[in-house]
1. If you go through the stretch 512-526 one residue at a time, do you hit one that is part of a helix (DSSP H, G or I) and crowded, with 22+ Cβ neighbours inside 10 Å?
2. Mind counting the residues in the stretch 420-446 that are assigned to a loop (DSSP other than H, G, I, E, B), of a type outside the set (A, V, I, L, M, F, W, C) and surrounded by 24 or more Cβ atoms within 10 Å (Cβ to Cβ)?
3. Those residues that are outside any helix (DSSP H, G or I), modelled with pLDDT of 95 or more and under 14 Å from the mean Cα position of the chain (by Cα), I need them from the stretch 305-336; list them, please.
4. If we scan the stretch 84-102, do we find a residue that is crowded, with 24+ Cβ neighbours inside 10 Å, of a type in the set (A, V, I, L, M, F, W, C) and within 16 Å of the chain's Cα centre (by Cα)?
5. Quick one: in the stretch 356-378, which of the residues that are in a helix (DSSP H, G or I) and of a type in the set (A, V, I, L, M, F, W, C) is farthest from residue 427 (Cα to Cα)?
6. Give me the residue from the stretch 350-375 that is touching a residue at least 12 places away in the same chain (Cβ under 8 Å) and over 23 Å from residue 395 (Cβ atoms) and, out of that set, surrounded by the most Cβ atoms within 10 Å (Cβ to Cβ).
7. Quick check, is residue 74 closer than 27 Å to residue 301 by Cα, acidic (Asp, Glu) and not in a helix (DSSP H, G or I)?
Amino acid sequence: MKLFHLFFLAAAAIANSNAQAPDVGAAPNPVPNPEATLSYIHGAWDTLTRSMTDCHSLVDIKITANPVLYVPAEMTVPAELKAVEEKCHVKVVALPRRIEKLGDLRPEELRAAGLLYLPNPYVVPGGRFNEMYGWDSYFIVLGLEADHREALAKGMVDNFLFEIEHYGAVLNANRTYYLTRSQPPFLTSMIRAVYENPASFPPTPAGRTEARQWLESAYTLAEKDYSTWMRPEHRAGTTGLTRFFDFASGPVPEMADDSTYYPDVIRWLAAHPRESGEGFLVKGSEHPDAAEAARLKQTSCDVHASVVCERAWAEGYRLSRDFYQGDRAMRESGFDPSFRFGPFDGATHHYAPACLNSLLYRYERDLAHFAHLLAKPQDALRWERGAKTLDAAIQRYLWRPKEGVFADYDFVHAKASSYAYISSLYPLWAGVATREEAGQMVDKLNLFERPGGLSMSNFNSGMQWDEPFGWAPTNWIAVAGLEAMGFREDARRIARAFDATIDVGFAKDWTIREKFNVVSGSSNVHVSTGYKANQIGFGWSNAVYLKMKEVMQTPVTAPAN
C-alpha cells in the first residue's frame, strides 16, 4: 500500500554537475569479507580520535584561517594548552563572557572562527571533520561500547556535559560557528549507554559510588540541556510539540568552503517556480548599493557582515530571510539537506518533526528513569507527566490513523506532511508507538526498504538525505525500533542488508563511507547539490556495522530489550 504522494512533481535533476567520491585505491579482487571489515573498524577508532593537545585536531579545513582554540571565559587555561600554542602555532583565546544558553554569544562577535575546548579525547565522524558532533556521537558511543572502548565513550559523554556547563547546551559541534544551535537530542541515551555498561566504572564499592555521583551530575546537566528544547523559539506553535531552530539568522558561516551551494539553490528555485512556492526568493542585485543592502539585511541577509551572504546570488535573486532560518533549522536536524520540508528543506522551522518529538519523549522517559535511580520521586513524577503530555500531542498531530503512519506536522499551515520519510520509524525506537501502530508502520517498510538497507525516502531529489541514499543512524534507529517492538525478523533482514552494503563498499576500496546507495547496495553515490563527497571514516557507519552484527547474532526467540 502506498504511503504518501510525492511532494513535488519535478526535482530529479537539480544540477548538471554530479560528483562521485573518488576511489582511494580499488581492491584487486573486491570480494566482500566481513572479517576484513571488522579488522578495519577495530583500528579506525584511534585514527578518528582527536584531542586538544594534538596539532592535527586543531585545524578546521572548512575555514581558511590560522587555527584558534577558545576556552570558556570562566576557566583557567590548562597548562597543557600553553605548550600547544607554541607547538601547534595555534592561538588560545578565552571567550569574552560566560555562556548560559545557546545564542548568548554570537559567532560574529568573535574576531575569528575557532575550535571550542573540550577536556577529553573524542572520536570525529571522519573525512574533513575535526570536531565532535552532537548526534553522530550517540552512534559512535554505541560502537565504542560494542568494541570495548568504554573509557573513550565515557570521555565523549563527559565532553557533552562540559559543553552544557560552559557553552549552554549540547552543540551541533564544538566550533564557534555552532554556538547558536544544537543537534538531535540523544544525550540521555548516551548517558544510559555509559552508566548501564558494567565496564564504565570499577566493580567495587568505590566504583559504585563514583557511578552514582556521575549520574547525579549528568542528570542535572541533562535537565539544563532539555530546557534548550523548551525555549519559546523551539516551540511548534500551540501544538505542544517542538521544532528545530537556530538562534542566529542568515546563511551559515561554515558554508564559506562551498561557495556554490546557495547560488545552486537559487538557480534551482528560479528554474522551478511551481515547486518553490514558499517565498524562498527575493529580487536582489549581485552588487547591491547601500540602500539595497539595507533592504536585503531585512529581507535576506547582511551582505556587508557575511562573505557567504555576499556571494549568495544568482539569476537576479537572493534567498529570503525565512529560507535561511529554515536552512539553519535543517542543519540542527542533522538531515542536511533533503526535500522533506520543501525544496532544500527551506521550511524546516515550519514543522513539528516526528523524529525530534520522538527523541524528546525518550529524553523525558530517560530523565524519569534517572530520577527513580537517584531517589527523586517528585522529579520522576514530573518527567512521567511530561512524557504523557507529549505522547498525547504526538498521537494528536503526528499519528495519521487512516494512512497508518507517523508524519511530520506543518503547524504554520495546520496540515500533516505527505512526504514519505524514514523518520516516521523513530516512534518505534522511542517507545511512543503502540504495538498496533508499530505493526502498521511495518506494513509500510516497502516504501524505504531497498536491496542494501533502508532509503531515507522514496523520492530522488538529488539530495544526500533522500532516495537512494541510506545512512547508518537512521538504519540503526529503524532496526533497533523494530527489534524493541518485537519485529525481530524484519530487524535482522534489514541489519543483514545494510552490513552487506558496507562489506561491498569496503571490498571495493578498503574504506567505510558516511552514506551508501542502498538501491545499488554500494558506496557509489552521486549527489547533485550540497555536500557532494562521500566522506571516509566513518564513525557512525563503523558503529552501526557492529550493532547490526549484534542484532543478527541475537536469537529470534530472545525477549526484546
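The values are calculated or read from the model by the stated rules, or taken from the named source; none is laboratory data. Here the structure is a predicted model, which is why all the values come from computation and not from measurement. Heads up, the Cβs are rebuilt from the backbone with ideal geometry, glycines too, and the neighbour counts pull from every protein chain shown.
1. No, the stretch 512-526 contains no residue that is part of a helix (DSSP H, G or I) and crowded, with 22+ Cβ neighbours inside 10 Å.
2. Of the residues in the stretch 420-446, 0 are assigned to a loop (DSSP other than H, G, I, E, B), of a type outside the set (A, V, I, L, M, F, W, C) and surrounded by 24 or more Cβ atoms within 10 Å (Cβ to Cβ).
3. Those that are outside any helix (DSSP H, G or I), modelled with pLDDT of 95 or more and under 14 Å from the mean Cα position of the chain (by Cα): 334, 335.
4. no
5. Restricting to residues being in a helix (DSSP H, G or I) and of a type in the set (A, V, I, L, M, F, W, C), the top hit is 373.
6. Of everything passing the filter in the stretch 350-375, 370 is surrounded by the most Cβ atoms within 10 Å (Cβ to Cβ).
7. Criteria not met by residue 74.
Yes/no matrix, rows are residues, columns are (1) over 17 Å from residue 233 (Cβ atoms); (2) of a type in the set (Asp, Glu):
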position	(1), (2)
301	yes, no
338	yes, no
348	no, no
356	no, no
364	yes, yes
